[in-house]
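Presented below is the structure to which this report refers.
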Amino acid sequence: MPSRRVVAFLLASAALVVLSGCTAGASQPDDTATVTTPQADISGEWVVTRTVTASNDPTNATRAVGATSVRYVLVERDDCGAALCDGTVSSGATLEDREETALTQTDGGFDYGFTGSLDCMNAATGGVLVVDGFAYEQTASLTLGETSEGDGVTTAATLTGTITYSDTVTGAATENGCTRDPLAVEVTYAVAATRAPVG
């Protein structure tokens, strides 16, 4: 069950303060192409560095163009006997607090996404103004970079790609006093991932 975290948003003239988020797995489209080429092993722990390349959110420094952040991502690929198999991705700002969603393997990479809601907080009091006041969606598309060979197995060593994030104030939240400028936020990240250190 997805955990609930808390996000503080701009209310009237109060500043926007992001504390955290709540997530749920988003379904991914099936890859309809028939792929038979063996794929490099993508399973394991990754350190993902995200750099903002586009943003319309001037109120949040973590979403300013050029801002960077790190996520710790665990990739688990199912063994389905085919070149492309589904799996899961667990992602979070710490190793201890990560959300899980479905992975869709593609030819030379994989996709995943999260959808969910965020509480609208009263910045003055710290209390919840509107439960699930913001609806959000995040999608990631990663492709293999460098690979390594060992014991007849090709293993992915680096990944690159993009993450797109959007959230918007719901109509019900607006009616209950939750507001922000802009009402809808869109952020694009360039992604670079490396294998997490062992040990």
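The values are calculated or read from the model by the stated rules, or taken from the named source; none is laboratory data. Note that the coordinates shown come from a computational prediction; the quantities given were computed from them, not determined experimentally. Virtual Cβ from ideal backbone geometry, glycine too; neighbours counted across all protein chains shown. For the accessible areas, the whole protein counts, side chains as well, though only heavy atoms, and no ligand, DNA or RNA atoms are used. Shrake-Rupley method; radii C 1.70, N 1.55, O 1.52, S 1.80 Å.
Residues whose amide H falls under 5 Å from that of T106, counting only those 5 or more places apart or on a different chain, are D111, with hydrogens built in the peptide plane. To the nearest 10, the accessible area of T158 is 30 Å² with a 1.4 Å probe. Placing pseudo-labels 7 Å out from each Cα toward the beta carbon at A40 and A61 gives an inter-label distance of 3.6 nm.
Residues whose amide H comes within less than 5 Å of that of T162, counting only those at least five positions distant or on another chain, are S141, V191 (H built at 1.01 Å from N in the peptide plane).
Label zone (T164, point 7 Å along Cα-to-C-beta; backbone nitrogen cut-off 12 Å) within segment 170-186: 186. Candidates G152, N56, Q105 compared by Cα position along the dipole of segment 54-191: farthest toward the positive end lies N56, with charges placed on Cβ. Applying the Karplus relation 6.51 cos²θ - 1.76 cosθ + 1.60 with θ = phi - 60° to segment 96-108 yields 3J(HN,Hα) values of 7, 10, 10, 9, 10, 8, 6, 10, 10, 6, 10, 5, x Hz, where x marks Gly and Pro. Inter-label distance, A157 to T94: 3.3 nm, where each label sits 7 Å from its Cα along the C-beta direction.
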